[in-house]
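The values are calculated or read from the model by the stated rules, or taken from the named source; none is laboratory data. This is a predicted model, so every value here is computed, not measured. Cβ placement follows ideal geometry from the backbone for every residue including glycine, while neighbour counts extend to all protein chains displayed.
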Amino acid sequence: MITRTRNALVVFSHPFELKGVDRILPSGEYKVITDEQLIEELSFPVYRRVSTMILVPGHARASILEMVTIDPQDLQAAQDRDKLMQPHLPAAPP
């Protein structure tokens with residue numbers, strides 16, 4: 001089975017909560033790792049997501065990173081909540 005790993009960087013402007021993590025996480029940049037497997041029965045390449053993980057600061061010390069398996073939909077919901085908390089800047093005058 002052929003597997004590929006994709007990395008992404010997500011940015012949170014505010015502290016946030018995420019299912020699977022037992023504490024509030026600080027704002028900042030977070031690396032998200034997604035493992036996907038090739039579906040070999042098809043005549044064209046298609047990958048299926050197998051797992052999604054996020055690297056978060058350790059519970060005891062921020063210098064240690066923990067890799068936590070998460071649901072991508074929960075991550076998207078947290079990102080959506082973070083964007084809603086952003087102050088809306090007034091439009092520039094014409």
For region 10-43, give me each residue that is surrounded by 13 or more Cβ atoms within 10 Å (Cβ to Cβ) and among the hydrophobic types (A, V, I, L, M, F, W, C).
V10, F12, F16, L18, V21, L25, V32, I33, L38, I39
Out of all the residues in region 1-16, which are under 19 Å from E40 (Cα atoms), of a type in the set (V, I, T) and touching a residue at least 40 places away in the same chain (Cβ under 8 Å)?
T3
Of all the residues that make up region 1-34, how many are assigned to a strand (DSSP E or B) and of a type outside the set (K, R)?
16
Six or more apart or on different chains, Cβ under 6 Å: which pairs go from a residue in region 34-50 that's closer than 20 Å to Q73 by Cα to one that's part of a loop (DSSP other than H, G, I, E, B)? Could you list them?
Q37/M1; R48/I39
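Take R61 and decide whether it is at pLDDT 85 or above, exposed (fewer than 12 other Cβ atoms within 10 Å of the Cβ) and of a type in the set (K, R).
Here the answer is no, as R61 does not meet what is asked.
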Which of the following residues is over 26 Å from R4 (Cα atoms), among the small types (G, A, S) and either under 10 Å from the mean Cα position of the chain (by Cα) or not in a strand (DSSP E or B) (or both): A78, A60?
A60
